[in-house]
């Protein structure tokens, strides 16, 4: 470093190559952000530059617990950006969630930036902004399945984030609302906006285009994408959206939707069990004590609300009025989202009984769409109906709403390539979250699972589709089968399978039937 500096000084003195010195000699692993300089590392055999654990907001601890995210502090000197920051404090939510960071903390508002190491093309690259799933109660950006080794090699900048979860991300009480003019909750969602604002201000320094950001997420991350599209606070911060299995549209599963007035008494009763006198004492409670107490509220006990600021009305109402972000949308779900139903079992007589109990005078129409003449057929229909109840129906309503009022192209997929049985996913299914490693090219991070040639081929195609969409708002391009738009002519979708095919939506009649009413998830 000393000798390089000497050489540059000599060039400046002689007037030679002064204009070129910065670009020729700039350290590609040192980037200056608004907060300060960061030093990253290379991964994937030098193909990708990684800048990890970058704070995009102040630690939400102490008096900042249950407050909107505040600006990150600036620093002097160089910050080490070669390790993940802590994932957000959470209970044990899902067994297949593992983390590569030092551990959980409330000081967790970090993001990671991954860029191609080959920067011959000096134009700004499209940015893909990933929001992890986990029911708004678990997960983090350091999960191996979200690793940034591969997507950037397709010519994009990848950003992955942490955001506050569960009780720390979504608690609503009268006292919290009182201190903020009636607004409370949605801290985790506001974290996402803060991270997008950080991207807007800083991503250019990493080679990304702040005006070409695609938000994408899976499960709760997909719920968040649909919600960010509806939020006044997020407008103008992204140009495209991708949703994988989930949307903030009512179905048998709802993650949020109450108003502050409706939710505050419910959360208030929980706070009353904690033996604290006021909000100051609540904010002073140790993290682990809060998490332990939160178990009594269940896995989805803390969820987004209509707070009057981040959300001013129910998400579907925003879409119905055409007030959502008018951006291209790519979304879909997996064939066996309800594979958990297979663990419960189902026989033909049980299916007939279920149909009569849940749908009464519509039972005959139900069993035509979800047949169960044999035990095998009944079990398959239970998985299909469980999929629709759980996640597919709400995602379908999101797609329908946006193509009606969004004034932008819409593309829909159905992920169908069934994975082989593994440690965490017994049975041969395209299960919930199965698509993530295909999108990120991280199939080899799956524990104890046999990866077939067809898996790698589909993963390569999906990476191409997703990054094409981030670049152009259209997943199509060289080397992949044509993906038709999801329009009202034939409701065409793409089947992500081996091989990849496309054609009219084969399950539309099921969704139209469920529009007449859908029971809650009880079997």
Expressed as a whole number of Å, what is the distance separating the alpha-carbon centroids of segment 231-260 and segment 142-179?
14
What does the C-alpha gyration tensor say about the overall shape of segment 328-523? Classify as rounded when a/c is under 1.5, otherwise prolate if a/b is larger than b/c, or oblate.
oblate
Counting other beta carbons within 10 Å of each residue's own, what order do 263, 283, 508 fall into, fewest first?
508, 283, 263
Spin-label pair residue 300/residue 47, simplified geometry with 7 Å Cα→Cβ offset, distance in nm
3.7
Which shape class applies to segment 271-373: rounded if a/c is under 1.5, otherwise prolate when a/b exceeds b/c and oblate if not, where a ≥ b ≥ c are the square roots of the Cα gyration tensor eigenvalues?
oblate
The chain: calculated mean residue ellipticity at 222 nm from DSSP helix runs of at least 4, using -39500 (n - 2.57):
-9500 deg cm²/dmol
Could you order the peptides 208-215, 254-261 from most to least packed, using the average number of other C-beta atoms within 10 Å per residue?
208-215, 254-261
Ranking 64, 158, 125 by Cβ neighbours within 10 Å, fewest first, what do you get?
64, 125, 158
Taking Cα atoms, how many degrees apart are the long axis of helix 220-230 and the longest axis of the chain, rounded to 10 and kept between 0 and 90?
80
Over what distance in Å are the Cα centres of segment 295-322 and segment 272-290 separated?
25
For segment 328-523, share of DSSP beta bridges that run antiparallel, in % to the nearest 5:
35
Computed over the chain: longest principal axis from alpha-carbon atoms vs helix 453-472 long axis, angle to nearest 10 degrees, is 70
Using Cβ contacts closer than 10 Å as the measure, can you line up 251, 422 from fewest to most?
422, 251
Take each of the peptides 497-505, 346-354, 303-311, average the number of other beta-carbon atoms within 10 Å over its residues, and list them starting from the highest.
303-311, 346-354, 497-505
Tilt of helix 2-14 relative to the longest C-alpha principal axis of the chain, in degrees (0 to 90, nearest 10)?
60
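Each reported figure results from applying straightforward, stated rules to the coordinates on display, with no laboratory input. Predicted, not measured: the structure shown is a model, and the values here were computed from it. With ideal geometry, Cβ positions are generated from the backbone for all residues, glycine too; neighbour counts draw on all protein chains shown.
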